[in-house]
Structure formats: structure tokens, C-alpha cells
Amino acid sequence: MNQKTKGIIGILTGGGDVPGLNPAIRAVTIRALREGYKVIGIKRGWKGLVDTVRDKKADNSNNYFELTEEIVNKAGRTGGTFLHTSRTRASHVPKPAIPDHLKDKYTDDINDLTPEVLKNLEFIGIDYLIPIGGDDTLSYAVRLSQEGVKVVAIPKTMDNDVPGTDYCIGFSTCITRTIELTHDLRTCAGSHERLLVLEVFGRYAGFSAMLPTLAGAANRCVIPEYQFDIERLAELLCQDRYTNPSRYSVVLVSEGASYRGGQMMFQSEETDMFGHKKLGGIGDYVSNELKNLSPQFNKGETINIINQKLGYLVRCGNPDAMDSIVPMAYGNLALDLISKGMHGRLVILRNGRYDNAPIDIITSSKKLVDINKFYNVDRLRPQYNSFEFMPQMIL
């Protein structure tokens, strides 16, 4: 390593992509390079550190590479992550996913490759590691921190459910897009006098359904934190439609929501390394049931449904203003900590101010919608009593 280099900073992105990742990578890199650090971009999240071959003659270009101002400036205003991403969990790697050069060494059905990750970090020469991710990706960052790796984590997830912070990169763009797309689809719902059912992201937390509804994009929302009564939802939506001069109404359905007596719905039984099955189907179920139940609340006449899964439309493309500004601040916060020799921290926004918290807060609690405080279980929509001293994003 060059004597003038203060150290090497590694940065990676894991889990689902969101707008705002590239601005965060850019912020870290620009600041780090100007202060005398070298920056290594690790590709495909934790997978890049799992697949690295510890041989100076080996081609590891698909696992990591050196970042420059030219590289990050080109990507810094765009969505997605140019470092790419994966849902790899290095402590729980299934046998088929073991890299070829490690297959003889790790033969169990599920394998903990943390010893390899630690050796690979040393091989690459990384002094500080900045992982950007949600609670899954960052839960493994907690493990590495406990193993002695100098970690400074940045929270990212469109569900906004990383504990300890009021804001995660990607959330604002998700909410902005959800509101825009819902308003766009109103023209179809109004033209045909239908009920509009939109399935949105949110496995365990309903923030991405609550905030657009709170902002007036929908009449009702159902969220993972409360099992809803489908008949009550049908009754409310039919009432909403009747009182609307354009004769339509709208409900946002979190992908992780479930009806009373039911469970989360999945596309298949296959799980990722974090034990999550791919969600899918609750929007279809709600749509079918609403159509079947609608005659009870519409003088015997069936109301047709527009059923749309917003899915990746809310996480693709460029970041909005907030997801351009916050990642810049988070990246610089991470460098502030590193320059002070601090690690084992999570950069956060709390009560409108940038701060940091112990990294183990990620695994010590769950961040969910407070039903008693924010959700009216009878009206199936957000409730609030006062906005005084509330966080910027309310919930």
C-alpha cells in the first residue's frame, strides 16, 4: 500500500436495489479519495467477499475493483447500484452456492463462510468496510463487527424498516412513485367506476402503504402488522366509491399483509439465504374477494376491479431529491466516523438530525408500524392526533 494512503475503504451494496445507492457510493468515494484513502468497490454484496480467490494471480475483477472519481461521477446521479447486488448471506451459504475453489472445504448443506470473508478482507487490504443495505444485509455487518472488522453501516430499504433510524435510502422515491402511479391509475378506475387495488412492497412493515395513504393517494390500506377483515374492507371501499362523484375508490395492499384467519402469501416455497420466501398473491386475493363481496354493499350489483402490482416500478429509475441528498449526507457521515477512528456504528437520521448509533441496534429490535398509535383498525387507514414534534416521515 502506498505510504501516503491513510487506508483502504471497502464499500458494498446488498439486498434489493433502490434509487439512492449510487449517490451514496459516490459520496463515500469522493470524500475518501480527497482525504487520502483508497476505495475498493465490492461487487454483488457479500457475494463478492465470498467468491474472492486469495491468489494475486487470480482474476477477481468480478468480485472487487478500485473506485475512482470518474467511475462514481458517471453513476452518481442514477438509480440502481453499479456495484450490483445479491441476497447472499455469508454465514448461511447453501452447498450449491459454494464457490468452486471452496467446494472441497465446505460440504454441509448450509455453511458459514465467515472465516473466508475475514481472510478475504485481509487479502484485499480493507481497513474499513461500509456496507449499504437493509436489516438482512446489515445483520451480517453486525456479525463482522463482532468479529473485529471495522464497520460503518448505511441503512437502505424502500420499506424503511431498519431499526434505529427514521430514514432509509430509497424510501422517499418509493413513496413518491407510489403516489404518482396511484394518481395515474385513478383515471382508469374513475373511467370504469371500479375499485382500484394496488399491491406495494412491505414484507413485515407497512410504511410504504401507510405514507401514500396518509398523503391522500388511497382511501384505505392493509398492512402486515394487522390482519384485516376482508368483508369490512369491501364495505369501506364500496362506501368510499359511493361517496366519490367519480364512483371509484382505492386501496393499497402491502405484499406482506394477511387477512383474518389467513397467512402471508408466497409465489413458491423456495427461500433465499435469509429464509425469506418470495411474496406474491395478496393483491390478487383481495381483488377477487372484493369483486365477490361487492354486491352485498352495492345493492346487489357487482363492482369490477382494477388490480395492479406496482412492484419494481417504484424502485427503478433515478432517485428523487431526498434520495439524492440523504445518501450524500450518509456517505459523508460514514467518512466523519472513519476519520475519527470510530466503527461499529450505523449512520442515521433521527428527529430531523443526522447522527449515528451502535450497529447492534439493527439486530436488537424490529421497526414496525405502531398500530395503536398510527393505524385505525376499524377504518383500515392511518390515524393521527397531532403532528407536533413528529419525525419528518411521521411514522
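I'd like the GluC sites (Glu not before Pro) in region 18-96 restricted to DSSP loop residues with at most 15 other Cβ atoms within 10 Å, sorted by number.
Taking region 18-96 and a limit of 15 other Cβ atoms within 10 Å, the loop GluC sites (Glu not before Pro) found are E35.
What ³J(HN,Hα) values, in whole Hz, does the Karplus curve 6.51 cos²θ - 1.76 cosθ + 1.60 give for region 263-279 when θ = phi - 60°, with x put for Gly and Pro?
For region 263-279, the Karplus curve yields 9, 3, 9, 10, 6, 7, 8, 5, 10, 7, 5, 9, x, 8, 7, 6, 6 Hz.
Which is farthest toward the positive dipole end of region 72-191 among V162, T182, G133, measuring Cα position about the Cα centre, with Cβ charges +1 (Lys, Arg) and -1 (Asp, Glu)?
It is T182.
So what are the ³J(HN,Hα) numbers for region 63-68, from phi and the Karplus equation (6.51, -1.76, 1.60; θ = phi - 60°), rounded to whole Hz, Gly and Pro as x?
3J(HN,Hα) across region 63-68, in whole Hz: 10, 6, 7, 7, 9, 10.
Between D184 and D108, what length in nm is gained on full extension when 0.36 nm per residue of separation is reduced by their alpha carbon distance?
Details: separation 76, 0.36 × 76 = 27.36 nm, distance 5.05 nm.
The span from D184 to D108 would gain 22.3 nm if fully extended.
With θ set to phi - 60°, apply the Karplus curve 6.51 cos²θ - 1.76 cosθ + 1.60 along region 206-213 and write out the HN-Hα couplings as whole Hz, x wherever there is a Gly or Pro.
x, 4, 6, 9, 5, 5, x, 5
So who's got an amide H within less than 5 Å of the one on I169, skipping anything under 5 residues away but keeping other chains? H placed 1.01 Å off N, in plane.
K156, T157
Taking amide hydrogens as modeled 1.01 Å from N in the peptide plane, which residues meet the under 5 Å criterion relative to N356, leaving out close sequence neighbours?
HN-HN under 5 Å from N356: I348.
Which value in deg cm²/dmol, rounded to the nearest 500, describes the helix-derived mean residue ellipticity at 222 nm for the chain, given -39,500 (n - 2.57) per DSSP H run of n ≥ 4 and division by the residue count?
Using -39500 (n - 2.57) per qualifying helix, the result is -10000 deg cm²/dmol.
Among the trypsin sites (Lys or Arg not before Pro) in region 260-329, which ones are in a DSSP loop with at most 16 other Cβ atoms within 10 Å of the Cβ? Mind listing them?
R260, K299
Going by the alpha-carbon gyration tensor, a ≥ b ≥ c the square roots of its eigenvalues, is region 195-323 rounded (a/c under 1.5) or, if a/c is not under 1.5, prolate (a/b greater than b/c) versus oblate?
oblate
Read-outs: derived from the displayed coordinates by stated rules, not from any lab. As the structure is a computational prediction, the values presented were derived from the model and not from experiment. Cβ atoms come from the backbone with ideal geometry, glycine included; neighbour counts cover every protein chain shown.
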